[in-house]
2 protein chains.
Amino acid sequence: MIRVSIIGFGNVGTHLYTAFSDGPMAEVVAVYSRNPQRFDGWEDLPVVSDFTSLPEVDCTLIAVADDAIAAVSSALSTTAGLVAHTSGNAPLDAIDEKHRSGVFYPLQSFSKRPVAFSTIPICLEAETEASYQLLTTLASSLSERVVRIDSAARARLHLAAVFANNFVNHLYSVSEKILAEHELDFSLLHPLILETAQRLSEVAPSEAQTGPAVREDQQTIKKQLHLLNDSAFQALYQQLTKSIATTHGKKL
Amino acid sequence: MIRVSIIGFGNVGTHLYTAFSDGPMAEVVAVYSRNPQRFDGWEDLPVVSDFTSLPEVDCTLIAVADDAIAAVSSALSTTAGLVAHTSGNAPLDAIDEKHRSGVFYPLQSFSKRPVAFSTIPICLEAETEASYQLLTTLASSLSERVVRIDSAARARLHLAAVFANNFVNHLYSVSEKILAEHELDFSLLHPLILETAQRLSEVAPSEAQTGPAVREDQQTIKKQLHLLNDSAFQALYQQLTKSIATTHGKKL
């Protein structure tokens, strides 16, 4: 078994702990959080209360906020083994140079909801081939999709994820607000939203584009902009309409 | 059985035909399309080749482009029965006033993909209570979710659907393009995209918002704007970031 420590016990840390505990390859021998209340409700966790009492392990995974990675990694002693962070956004060299360093980035938005780890792409990077092999063994025990991605490519991947997750979720919010103003239930849109996401497995989004902007349907656009008078979302509607038209070579 | 004609045999018309044919309440006795090649590959369709040869029916559903609804409805004789269009965008009075009029709007983005009609909200409107009852009987035979929504509310619903479907799909396209420029596979984002959509059944999008804008993470925003230098999507990133910050009371 590969001996692993997990630093940070938020959504990423807890899902990694659960996935490794259920898997065959790794034993999580230590978990640390600066917020011990995170451990409430868990049983038999190998909690350590400070950095100096961490046992010697093969690999330490850092699942903390991006801006804390450098400080955490420099506080860890070299008994932490290969030290990898789990961020889509931080570069490999965010890890203190005294360690063998790596990145172990599961590309998913983790919440309290259960996840099917086997479908989540795990993006790996490491300084040395030996480190990369160790991360691959760990990642392959959790997921069917393990990819090698360097820091520059991961930054692009993270940017794309901001569009496909954070920005998309904001558009869901905008819809919810437009409906709430008229006492319409947001759940009316759930089947449409799911279909829009699910059809991506069959049709590329650029080929699936519909709506007034790509149809050059000026009348509907004008009507909808009018409905958004006095709304904070009118400028957003205009920008998105313009972006769709430009992308698809339409004039509006 | 309720006798039904369907005018228009695009994605909406074909899915309605299939759903009624599989259902217990309605018999589709006539389908018409101005593009007869739409009927290629279908068997035993009750095709009529022009408007004058439509049989007398209880209800005619018009599944054509919004700007053709008025012309189609005025071309239909009064043997067409209750005449309802299927658009989220057109008002009830798009139907020629010689008919008993209605709206039968299934809130979904139809493509060639199969759909689970039972989960699709069907939004109804009618001039008279008798017409509304007939539409309700038809809609309830297809879907578990039938809602009465007037033209003004439906216009808002359609606007909300533009944000949640058309605009969301464009953001998927943007992600795809950002990844393609670096030879990264868009399918890496599929699990993230599905999770973002699926969690709406448990958490409101306004409560699920994550990402640099809501964290007021200036450093990441600056870095990502820099990655979008020379990109047509930089302005879109800025507008969405601003909209998220404003919505969540953040200053950026």
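The values are calculated or read from the model by the stated rules, or taken from the named source; none is laboratory data. Every value quoted in this text rests on a predicted model; they were computed, and no experiment measured them. For neighbour counting, all protein chains shown are included, and Cβ atoms are generated from backbone atoms with ideal geometry for every residue, glycine included.
Every residue, every condition in (1) assigned to a loop (DSSP other than H, G, I, E, B); (2) under 23 Å from B:Phe110 (Cα atoms); (3) in contact with a His (Cβ under 9 Å, 6 or more places away or on another chain); (4) β-branched (Val, Ile, Thr), yes or no:
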| position | (1), (2), (3), (4) |
| --- | --- |
| A:His226 | no, no, no, no |
| A:Asn229 | yes, no, no, no |
| A:Gln238 | no, no, no, no |
| A:Ala245 | no, yes, no, no |
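Taking the stretch A:215-244 as the range and being buried (at least 20 other Cβ atoms within 10 Å of the Cβ) and under 28 Å from B:Asp185 (Cβ atoms) as the test, the residues that pass are A:Leu240, A:Ser243, A:Ile244. The lone criterion from (1) closer than 28 Å to B:Gln224 by Cα; (2) in contact (Cβ under 8 Å) with a residue 24 or more places away in the chain; (3) within 11 Å of chain B (Cβ to nearest Cβ) left unmet by A:Ser118 is number (1). Scanning the stretch A:158-175 for residues that are under 23 Å from B:Ala116 (Cβ atoms) and either surrounded by fewer than 22 Cβ atoms within 10 Å (Cβ to Cβ) or among the hydroxyl-bearing types (Ser, Thr, Tyr) (or both) returns A:Tyr172, A:Ser175.
If you go through the stretch B:110-132 and pick out every residue that is part of a helix (DSSP H, G or I), surrounded by fewer than 19 Cβ atoms within 10 Å (Cβ to Cβ) and not hydroxyl-bearing (Ser, Thr, Tyr), you end up with 2.
Every residue, every condition in (1) in a helix (DSSP H, G or I); (2) farther than 23 Å from B:Ala204 by Cβ, yes or no:
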position	(1), (2)
A:Arg154	yes, yes
A:His158	yes, yes
A:Val162	yes, no
A:Asn169	yes, no
A:Ser175	yes, no
A:Leu179	yes, no
A:Glu183	no, no
A:His190	yes, no
A:Val214	yes, yes
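Scanning the stretch B:155-205 for residues that are of a type in the set (Gly, Ala, Ser) and either in contact with a His (Cβ under 7 Å, 6 or more places away or on another chain) or modelled with pLDDT under 95 (or both) gives a single hit, B:Ser201. Look at (1) crowded, with 21+ Cβ neighbours inside 10 Å; (2) at the interface with another protein chain (Cβ under 7 Å from one of its Cβ atoms) and you find that B:Thr247 fails only one, number (1).
Inside the stretch B:173-202, residues that are more than 23 Å from the chain's Cα centre (by Cα) and β-branched (Val, Ile, Thr) make up a count of 1. Within the stretch B:135-153, being surrounded by fewer than 21 Cβ atoms within 10 Å (Cβ to Cβ) and hydrophobic (A, V, I, L, M, F, W, C) holds for B:Val146, B:Val147, B:Ala152, B:Ala153.
Taking the conditions (1) buried (at least 23 other Cβ atoms within 10 Å of the Cβ); (2) in contact with a Gly (Cβ under 6 Å, 6 or more places away or on another chain) in turn, B:Leu107 satisfies each one other than (2). Between B:Val83, B:Val162, the distinction of being closer than 21 Å to B:Asp66 by Cβ, in the same structural domain as B:Gln239 (by TED's automatic domain parsing) and of a type in the set (Val, Ile, Thr) belongs to B:Val162 only.
Looking across the stretch A:204-235, the residues that are within 7 Å of another protein chain (Cβ to nearest Cβ) and closer than 18 Å to B:Ser175 by Cα come down to A:Ala204, A:Pro205, A:Ser206, A:Ala208, A:Gln209, A:Thr210. Counting only strands (runs of 3 or more DSSP E) that fall entirely inside the stretch B:1-102 and contain at least 1 residues that are surrounded by fewer than 19 Cβ atoms within 10 Å (Cβ to Cβ), the qualifying elements are B:2-7, B:26-32. Can you tell me which residue in the stretch A:124-157 is farthest from A:Ala197 (Cα to Cα), limited to those that are at the interface with another protein chain (Cβ under 8 Å from one of its Cβ atoms) and under 14 Å from the mean Cα position of the chain (by Cα)? That would be A:Ala155. Filtered by the rule that a residue be closer than 21 Å to B:Ile120 by Cα and not aliphatic (A, V, I, L, M), the stretch A:189-242 gives A:His190, A:Pro191, A:Glu195, A:Thr196, A:Gln198, A:Arg199, A:Ser201, A:Glu202, A:Gln209, A:Thr210, A:Gly211.
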